[in-house]
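What follows is one structure encoded as C-alpha cells, with my remarks underneath.
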Amino acid sequence: MSSLRKLVDCDGTPRVTLDKGELGMDGVLDEGEIPADQRMHVQRLGRGVYVVRAVADGTIPDLPEGIR
C-alpha cells in the first residue's frame, strides 16, 4: 500500500510518519504498540527517492528484487 505523507519539521529535524497498520502487518509492532527500541534504516536511493527498512536482530533486510 502507499499513501501520501506530509514532511514535517520537528525542531529542525525533517520527519515523515509511517502507517501503524502497515507496521503491524509487517510484524514491527509489539502487541499493537511501537517498541521503544525499534531501529529503522533509511537509505537514499536517488533524488527524492528513499527506502525505510525495519532492523531486526541487528540486520537490515535486503531490498526486494528489482530495487537497487
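The values are calculated or read from the model by the stated rules, or taken from the named source; none is laboratory data. Here the structure is a predicted model, which is why all the values come from computation and not from measurement. Because the Cβ atoms are built from the backbone with ideal geometry, glycine has one as well, and the counts that use them run over all protein chains shown.
Quick check on my filter: what residues within the stretch 22-32 are surrounded by 10 or more Cβ atoms within 10 Å (Cβ to Cβ) and farther than 21 Å from ASP62 by Cα?
Across the stretch 22-32, the qualifying residue is only ASP30.
Have a look at GLY12, GLY46 and point out the one that is closer than 24 Å to ILE67 by Cα and either at pLDDT below 95 or exposed (fewer than 10 other Cβ atoms within 10 Å of the Cβ) (or both).
Of GLY12, GLY46, the one residue that is closer than 24 Å to ILE67 by Cα and either at pLDDT below 95 or exposed (fewer than 10 other Cβ atoms within 10 Å of the Cβ) (or both) is GLY46.
Could you identify the single residue in GLU65, GLU22 that is in a helix (DSSP H, G or I) and either over 14 Å from the mean Cα position of the chain (by Cα) or in contact (Cβ under 8 Å) with a residue 12 or more places away in the chain (or both)?
Result: GLU22 is the single residue among GLU65, GLU22 that is in a helix (DSSP H, G or I) and either over 14 Å from the mean Cα position of the chain (by Cα) or in contact (Cβ under 8 Å) with a residue 12 or more places away in the chain (or both).
Among the residues of the stretch 52-66, write down those that are under 15 Å from LEU23 (Cα atoms) and among the hydrophobic types (A, V, I, L, M, F, W, C).
Result: VAL52, ALA54, VAL55, ALA56.
In the stretch 30-43, what count of residues is obtained for those that are without any contact (Cβ under 8 Å) to a residue 12 or more places away in the chain and closer than 21 Å to PRO64 by Cβ?
Final tally of qualifying residues: 2.
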